[in-house]
Amino acid sequence: MNTRSKTPLFLMEVVIMLLVFAISASICLKVFVEGKKISEDSYNLDKACLETQKAAEYWQNTKGDLKQTAELLQASLQDNKLQLFYDEDWNLTKKNAAFTLTMEIAGANADIQIQDQEKELFSLKTEAVIFGE
């Protein structure tokens, strides 16, 4: 007769199952964190595109009038450079800006870009066309 206990084998099996479960859980957690980061980056890129397009449309609609464009966008104006500051929720702000829209003017051409603290998110070059002149 075999009188050995099978408890050590059972405990070894439980430990191995817990190890596999812990590794799987850490992989799933990493995937969810990366997914959230990709989602936030996508949202910020979408908002950057919309804000850049809005600035370009105001610029074109005012026929290249920088002062009027700054008033419509509620932006600060220095020389031939217009700036807007956004917080992390894309609300206009004066301090603690997470994103900055910059519009530089050269004649009827405008170079619009939005950047965060680290890199440029989106840029657009546009031209104000004045008909009849």
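Every test in (1) closer than 14 Å to TYR58 by Cα; (2) surrounded by 15 or more Cβ atoms within 10 Å (Cβ to Cβ) is passed by LYS125 save one, and that test is (2). Listed conditions (1) more than 19 Å from GLU40 (Cα to Cα); (2) touching a residue at least 12 places away in the same chain (Cβ under 8 Å) are all met by PHE122, apart from (1). Residue count for segment 64-78, restricted to those that are touching a Ser or Thr at 6+ places or on another chain (Cβ under 6 Å) and crowded, with 19+ Cβ neighbours inside 10 Å: 1. Among all positions in segment 79-97, there is at least one residue which is farther than 17 Å from LEU121 by Cβ, loosely packed, with under 15 Cβ neighbours inside 10 Å and over 24 Å from the mean Cα position of the chain (by Cα). Determine if segment 31-45 includes at least one residue that is out of contact with any Phe, Trp or Tyr (no Cβ under 8 Å at 6 or more places or on another chain), in contact (Cβ under 8 Å) with a residue 24 or more places away in the chain and within 18 Å of SER123 (Cα to Cα). No: zero hits.
Checking the conditions here, which among GLU51, GLU104 is touching a residue at least 24 places away in the same chain (Cβ under 8 Å), outside any helix (DSSP H, G or I), surrounded by 10 or more Cβ atoms within 10 Å (Cβ to Cβ) and of a type in the set (Asp, Glu)?
After applying the criteria, what remains is GLU104.
Read-outs: derived from the displayed coordinates by stated rules, not from any lab. Nothing here was measured: the structure is a model prediction, and the numbers come from that model. We place every Cβ from the backbone using ideal geometry, glycine too, and count neighbours over all the protein chains shown.
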